[in-house]
Amino acid sequence: MPSWSRHLEALARAISPLNAEPSGDTVAAVPVADERADVTLQEELGFAPETVDQALIQGMEVTLGDLDETAHGWMFRGHPVMVFAVDVAAVEDPQVRKEFYHRVHLASCCGALEDPAQVVWIGTARNNLSAPGLEQPPHACEYCLAKVNHRGFRALAPRERGKVASALSFHWHVNQYAGEFFPAGVTSFWTPGKAPQRLQQMVPSASTQSGTCGFCEWQVPEPEDSEESWFVPVERGVELGLTIDACVLCAQQQAAGVLILPEERALAASRVRFEQQRLAARAFAGEGATADETAVDAADGGEERSWHSVRPRLPLAWHPLCELLERNLAAPVLFHRFAGYDGIAVLAWPEHRRGIVASSSERERLPEGWDFWDKASVLASLG
């Protein structure tokens, strides 16, 4: 396999011609908001929409111009997709060209992936990707992993980088940047082979609005007024690949796909579940069933403040941040409250008077004398 220096040199030479103006016979890009509203996907591509959904599991040939690019990946007709089997004709070295062809890309990491006319293959299922000329399953592009900092890739040692690359999880990537791939503030579900759908479309008319989660045993309360329920009964969960009743938080972690929850609602559910379980643990200890104070400490987010116990209690949107922090910091206190203040620090280190909040506006509801950062700014600073 050629060295990375040769790879970079070859691609650098390719960037200039690849960025040139496309010739007259270039395949035209298909815009997202096509003005020909009466032209269906079937008419454009010769496939029924459901056929396209299924074809993407293994792979489909398109041009980069057919894709909608986000900051951390690509979309095709509502599907987050990986790009692979890219044949860069401008690269003269056949070994470099072949090696690049056998890469899976999560985002545009070089000039070879910036030309709208470049033919590529796209897919949605990591373990099923196939295309003509692939002699072996394509492997993850390390430059893409570094660009999007997949699972903290930039800070990892070489051996750990190799492990992350070999175990590339497209599911994790889509979850991490769900806000770029799917409409914000909408509960929806996506899995390879099926078009994204609003969760409300799967709710039976007589669906139960409360119950006990079969995973975390939380007694999910009835929603207030017109708020969306935090309970997923099994008749609705079967569409998510679940076989038992669940709360939305456990459903998100156990679903056979990507369950997108409005971040504010998911965090509210996480906080209510945590506080109710903490009160239940305290009541249980107070009844004399156990006087062991560690039961209360565990409910308070303690369990010796283990990161292992922090992540399951938070929505998936907070997991990437936790994964980055746990390499360097002791585990925090969850949902820390302050006497006389309405605000809450989702993650707090009282001994250092530091905390992380959901948004910058939350700082106005918190005391002075502490250092508070919002989640987005911490993630940005960590890459």
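In the frame of its principal axes, the range 313-383 has Cα extents of 32, 23, 22 Å, reported largest first. Solvent-accessible surface of protein heavy atoms, probed at 1.4 angstrom with all chains present, puts S169, S270 in the order S169, S270, largest first. In this structure, the amide hydrogen of G211, modeled 1.01 Å from its nitrogen in the peptide plane, lies closer than 5 angstrom to those of V220, counting only residues at least 5 positions away or on a different chain. Ranked by solvent-accessible area (1.4 Å probe, protein heavy atoms only, all chains present), the residues H72, H352, H173 order from largest to smallest as H352, H72, H173. Estimated at 0.36 nm per residue, the fully extended path between A155 and F338 surpasses their Cα-Cα distance by 62.5 nm.
Restricting attention to the range 316-383, close to 65% of DSSP beta bridges with both partner residues there are antiparallel.
In this structure, the amide hydrogen of R103, modeled 1.01 Å from its nitrogen in the peptide plane, lies closer than 5 angstrom to those of A85, V86, H139, counting only residues at least 5 positions away or on a different chain. The alpha carbon centroids of the range 315-351 and the range 121-174 are separated by 29 Å. Computed from the Cα positions only, the extents of the range 148-219 along the three principal axes stand at 53, 30, 23 Å, in decreasing order. With a/c under 1.5 counting as rounded, go ahead and sort the range 56-103 into rounded, prolate or oblate using the C-alpha gyration tensor (a ≥ b ≥ c being the square roots of the eigenvalues; past the cut-off, prolate if a/b is larger than b/c, else oblate). Prolate is the answer for the range 56-103, as a/c is 1.5 or above and a/b outweighs b/c.
Along the axis of the charge dipole computed for the range 184-282 (Cβ charges of +1 for Lys and Arg, -1 for Asp and Glu, origin at the Cα centre), the listed residues V258, Q276, G237 are led at the positive end by V258.
What does a probe at N128 reach in the range 153-186, counting residues whose amide N is under 16 Å from the point 7 Å along Cα→Cβ? Under cut-off, by backbone N: 170-171. Only Lys, Arg, Asp and Glu carry charge here, each on its Cβ (+1 for the first two, -1 for the last two); on that basis the range 114-163 has a dipole of about 400 debye about its Cα centre. Take the alpha carbon gyration tensor of the range 77-149, find the square roots of its eigenvalues, order them as a ≥ b ≥ c, and report rounded if a/c is under 1.5; if not, report prolate when a/b exceeds b/c, else oblate. It comes out rounded by the Cα gyration axes.
The values are calculated or read from the model by the stated rules, or taken from the named source; none is laboratory data. All figures in this text were calculated on a predicted structure; none of them were measured in a lab. Neighbour counts run over all protein chains shown; Cβ positions are idealised from the backbone, glycine included. For the accessible areas, the whole protein counts, side chains as well, though only heavy atoms, and no ligand, DNA or RNA atoms are used. Shrake-Rupley method; radii C 1.70, N 1.55, O 1.52, S 1.80 Å.
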